[in-house]
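Undergrad: Take this structure, written in structure tokens, and hold onto it; I'll ask about it next.
The values are calculated or read from the model by the stated rules, or taken from the named source; none is laboratory data. Not measured: the values here are computed from a predicted model. Cβ: placed from backbone, ideal geometry, glycine included. Neighbour counts: every protein chain shown.
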Amino acid sequence: MKALLVTAAFALSGAALAAEPNRGRDLYELHCQGCHAESVHARAKRVAKSFDDVRGWVARWNASLSLGWSSEEIDEVALHLNTRYYRYSCPPTVCKVVSQRPTTVR
């Protein structure tokens, strides 16, 4: 029971709120990839000019197709697309920020 409470507490913490790109990939492949070939995202004249634009398009298609994705799922699909194709700066509320420097305890 204690382990379950610890797991639940971690899941509700801020660290757990960052989007998961693998889940976004799975959602994209299941619902979007059939119509959106790589040529849509890799074309020279991109409509999306920022991460927010990418997320906005994901949200629009979510509504248009009545997918019922949560805000977190929209973030995850946007993160997947951004990581794979766009590489725009990603807001820390969506992307996990991991320090590259080791922490020194003194």
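Undergrad: When only residues in the stretch 41-66 that are in contact (Cβ under 8 Å) with a residue 40 or more places away in the chain, in a helix (DSSP H, G or I) and out of contact with any Cys (no Cβ under 8 Å at 6 or more places or on another chain) count, which is nearest to V94 (Cα to Cα)?
TA: The qualifying residue nearest to V94 (Cα to Cα) is H41.
Undergrad: If P91 passes every condition in (1) modelled with pLDDT of 90 or more; (2) assigned to a helix (DSSP H, G or I) but one, which one does it miss?
TA: With (1) modelled with pLDDT of 90 or more; (2) assigned to a helix (DSSP H, G or I) applied to P91, the lone miss is (2).
Undergrad: Keeping to the stretch 24-40, report how many residues are in a helix (DSSP H, G or I) and buried (at least 16 other Cβ atoms within 10 Å of the Cβ). Working first, answer last.
TA: Restricting attention to the stretch 24-40, the residues satisfying the condition of being in a helix (DSSP H, G or I) are 24-31, 38-40.
Narrowing the set further to residues that are buried (at least 16 other Cβ atoms within 10 Å of the Cβ) leaves 24-25, 27-28, 31.
Of the residues in the stretch 24-40, 5 are in a helix (DSSP H, G or I) and buried (at least 16 other Cβ atoms within 10 Å of the Cβ).
Undergrad: If I ask for residues that are assigned to a helix (DSSP H, G or I) and farther than 14 Å from Y28 by Cα, which ones from the stretch 67-88 would you list? Please lay out each step first, then the result.
TA: Within the stretch 67-88, the subset assigned to a helix (DSSP H, G or I) is 71-86.
Result: S71, Y86.
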